[in-house]
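One structure is given here, and the rest of the page talks about it.
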Amino acid sequence: EVMAKKTKTIAKEVDDVAKLMQKLVRLKAADDNGYVRCCTCGVVRLWNDRMQGAHFISRGKLATKIMIENCHPACASCNQWAHKTTLGILEYRRYMVGMYDEDAVDELEALSRTIKKYNRAEVADIKSDFQAQIKFHQTRIGA
């Protein structure tokens, strides 16, 4: 007897999309040779060499978890350690304000405090959009 494949929860689908987004932000920010700069310390490495997609607002906040404006390339050290310190958080925020502007960062922070419920179709649309963009950027940099 064949067991039916268990349907993933929407929360699990959102987690999967967040992982895709973390890959996408590194690829998208990479130059044509595949190099990307850490949003906090400025180190430059290949997009897949100890570089991560760092959430500005914690992944625990569902409303901003899979928003591309909330995720940027960071070296593993900054993402895992510096972003947990006041100075690291301030450096990342300075980067965000430079990238967008103060009002946009304030709006993102306000949005993070709202309740967001995704439906399956919405998550599937975001996933296919991210997959298409990943494919484009992988081709662009020859990854």
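The values are calculated or read from the model by the stated rules, or taken from the named source; none is laboratory data. For clarity, every value in this text was computed on a predicted model and none was experimentally measured. For neighbour counting, all protein chains shown are included, and Cβ atoms are generated from backbone atoms with ideal geometry for every residue, glycine included. Accessible surface areas use protein heavy atoms only, side chains included; no ligands, DNA or RNA. Shrake-Rupley method; radii C 1.70, N 1.55, O 1.52, S 1.80 Å.
For Lys65, the lysines whose Cα comes closer than 22 Å to its Cα, not counting residues fewer than 8 places off in the same chain, are Lys8, Lys12, Lys19, Lys23, Lys28, Lys84, Lys116, Lys117, Lys127, Lys135. Per residue, the convex hull around the alpha carbon atoms of the stretch 1-121 comes to 144 Å³.
Stretched out straight at 0.36 nm per residue, the stretch from Val43 to Ala143 would grow longer than its current Cα-Cα span by 34.0 nm. FRET efficiency for the pair Val97 and Asp32, taken as 1/(1 + (r/R0)^6) with r the Cβ-Cβ distance and R0 = 25 Å, rounds to 0.40.
Only Cα pairs under 8 Å and 6+ residues apart enter the sum, and on that basis the relative contact order of the chain stands at 31 percent. If R0 is taken as 25 Å, the Cβ-Cβ distance between Thr85 and Asp125 corresponds to a FRET efficiency of 0.10.
Here the spin labels are modelled as points 7 Å beyond Cα on the Cα-Cβ line, and at Arg59 and Lys12 they lie 1.6 nm apart.
When the helices in the chain are scored as -39500 (n - 2.57) per DSSP H run of 4 or longer and the sum is shared across all residues, what 222 nm value do you end up with, to the nearest 500 deg cm²/dmol?
Calculated mean residue ellipticity at 222 nm is -16500 deg cm²/dmol.
Does the stretch 22-88 classify as rounded, prolate or oblate by the C-alpha gyration tensor (a ≥ b ≥ c root eigenvalues; a/c under 1.5 gives rounded; else a/b over b/c gives prolate, otherwise oblate)? Since a/c reaches 1.5 but b/c is at least a/b, the shape of the stretch 22-88 is classed as oblate. Could you please state how large a percent of the accessible area of the chain is carbon and sulfur, counting protein chains only and using a 1.4 Å probe? Roughly 55 percent of what the probe reaches on the chain is carbon or sulfur. Here the stretch 51-143 has an Rg and Dmax of 14.6, 39 Å, counting Cα atoms alone.
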